[in-house]
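J.: Right, I'll just put the structure down here and ask away after.
The values are calculated or read from the model by the stated rules, or taken from the named source; none is laboratory data. The model shown is predicted, which means the values in this text are computed figures rather than measured ones. Note that each Cβ is placed from the backbone with ideal geometry, even for glycine, and that neighbours are counted across all protein chains shown.
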Amino acid sequence: MKEIRFSDHAQLKMEILATHELTIDPAFVIETVRFPEKLEAREENKLIAQKQLDKNLVLRVVYREFSTFIFIITLYPGRKSRYEKD
């Protein structure tokens, strides 16, 4: 399996979310990328992996995949109702 690297921004985002009482375990972020419930392709070769966090929230992880590793750019929680309409 490819190595997964977190950007400084993604690490900071996890710290900021924790101050708002939403702790995201890095292992859950990796699981979201490896086994997403939903996967979207975006511009500039970016992918967004999505996995349910709780009853109302999903975690969305924006990343790029390279030949030897996966680079997590950012992550954010979102309302399930917003991202699971289709």
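So that you can scan it fast, the table gives a plain yes or no per residue for (1) surrounded by 15 or more Cβ atoms within 10 Å (Cβ to Cβ); (2) assigned to a strand (DSSP E or B):
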| site | (1), (2) |
| --- | --- |
| Leu22 | no, no |
| Thr32 | yes, no |
| Glu40 | no, yes |
| Leu47 | yes, yes |
| Val58 | yes, yes |
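J.: For the stretch 1-49, what are the residues that are among the hydroxyl-bearing types (Ser, Thr, Tyr) and under 11 Å from the mean Cα position of the chain (by Cα)?
T.: Thr32, the sole residue that qualifies.
J.: Restricting to the stretch 73-86, and then to whatever is closer than 20 Å to Ala18 by Cβ and surrounded by 12 or more Cβ atoms within 10 Å (Cβ to Cβ), can you tell me which residue is farthest from the chain's Cα centre (by Cα)?
T.: Among residues in the stretch 73-86 that are closer than 20 Å to Ala18 by Cβ and surrounded by 12 or more Cβ atoms within 10 Å (Cβ to Cβ), the one farthest from the chain's Cα centre (by Cα) is Gly78.
J.: Mind counting the residues in the stretch 21-53 that are closer than 14 Å to Tyr83 by Cβ and of a type in the set (Asp, Glu)?
T.: 2
J.: Okay, moving on. Any residue in the stretch 44-58 that is among the acidic types (Asp, Glu) and at pLDDT 95 or above?
T.: no
J.: In the stretch 1-20, which residue that is in a loop (DSSP other than H, G, I, E, B) and either in contact (Cβ under 8 Å) with a residue 24 or more places away in the chain or in contact with a Gly (Cβ under 9 Å, 6 or more places away or on another chain) (or both) is surrounded by the fewest Cβ atoms within 10 Å (Cβ to Cβ)?
T.: Checked the stretch 1-20; the qualifying residue surrounded by the fewest Cβ atoms within 10 Å (Cβ to Cβ) is Met1.
J.: Okay, moving on. Which of (1) under 11 Å from the mean Cα position of the chain (by Cα); (2) within 16 Å of His9 (Cα to Cα) is the odd one out, the single condition Ile70 does not satisfy?
T.: (1)
J.: What tally of residues in the stretch 60-86 results from selecting those that are among the hydroxyl-bearing types (Ser, Thr, Tyr) and assigned to a strand (DSSP E or B)?
T.: Summing the residues that are among the hydroxyl-bearing types (Ser, Thr, Tyr) and assigned to a strand (DSSP E or B) in the stretch 60-86 gives 3.
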